[in-house]
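Just so it is clear, none of the values below were taken in a lab; they were calculated from the coordinates. All values derive from a computational prediction rather than experimental measurement. Positions of Cβ are backbone-derived with ideal geometry, glycine not excepted, and every protein chain shown enters the neighbour counts.
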Amino acid sequence: MATCDFCGTSILFGGVREGDLRFCNQKCAANLPLLRASRAVPDEAVDQHAGLIHQGPCPKCGGPGPVDVHTSHRVYSALVFTSWSSHPEVCCVSCARKKYLKHGATSLILGWWGFPWGLIMTPVQVLRNLGGLVGIGGPARDVPSDKLKQMARTSLGARRRAQIEAGGLPTSWEAEED
Ligand SMILES: [Zn+2]
Ligand SMILES: [Zn+2]
């Protein structure tokens, strides 16, 4: 299955293409320059940064880790209109469970009322949240997931870009950009 090159969410239907890259929506596609910069960040720096986030406190509740990327899914409909979305968030397992429950319940109540996508996407999104709730398809607890590493890479890329734009740091990573 195709995944979004920015947030790592699996793309079931649709998505946005930018050259050889795929994004789940326009919001993710807008991060193309950032993605290019972050791809130039060395792997060791990414692993180190991801490890710190993983073992650190939950950015949402301040509780103990492991912290990782948990993606919940939502759908809502109104007559012929149906909208579905995925919501990746860096947080601890207990915050993630609350979000799976919330988005699962919202989808179950608001998802069905559009034809045909409401009928198709509601079971999909509800099952995805249910899977997340019981730990299927979610991140492993002992090591940072690839999604977390990707986020760590993006944040290092953004920081690096900002530093270079602000004060002209050595552009050794940038030199590796395509
Ligand atoms: Zn995305
Ligand atoms: Zn938390």
Note, segment 79-84: 3J(HN,Hα) by Karplus (6.51, -1.76, 1.60, θ = phi - 60°), whole Hz, Gly/Pro = x, goes 6, 8, 9, 9, 10, 10
For segment 90-129, listing chymotrypsin sites (Phe, Trp or Tyr not before Pro) in a DSSP loop whose Cβ sees at most 16 other Cβ atoms within 10 Å gives Trp113
Per-residue ellipticity at 222 nm attributable to helices in the chain (runs of n ≥ 4 DSSP H, -39500 (n - 2.57) apiece, nearest 500 deg cm²/dmol) works out to -15000 deg cm²/dmol
Eigenvalues of the alpha-carbon gyration tensor of segment 33-175, times 5 and square-rooted, give semi-axes in Å, largest first, of 34, 19, 11
Going residue by residue through segment 123-130, the Karplus relation 6.51 cos²θ - 1.76 cosθ + 1.60 with θ = phi - 60° gives ³J(HN,Hα) values, rounded to whole Hz and with x marking Gly or Pro, of x, 4, 5, 5, 5, 4, 5, 4
Under the 7 Å Cα-to-Cβ spin-label approximation, Arg141 and Leu119 lie apart by a distance in nanometres of 4.1 nm
Amide H neighbours of Gly114 at under 5 Å, excluding residues fewer than 5 places away on the same chain, with H built from the backbone geometry, are Leu119
Relative contact order in percent for segment 96-138 (Cα pairs under 8 Å, 6+ apart) equals 46 percent
Magnitude of the Cβ-charge dipole (Lys and Arg +1, Asp and Glu -1) of segment 33-175 about the Cα centre, nearest 20 debye, reported as 380 debye
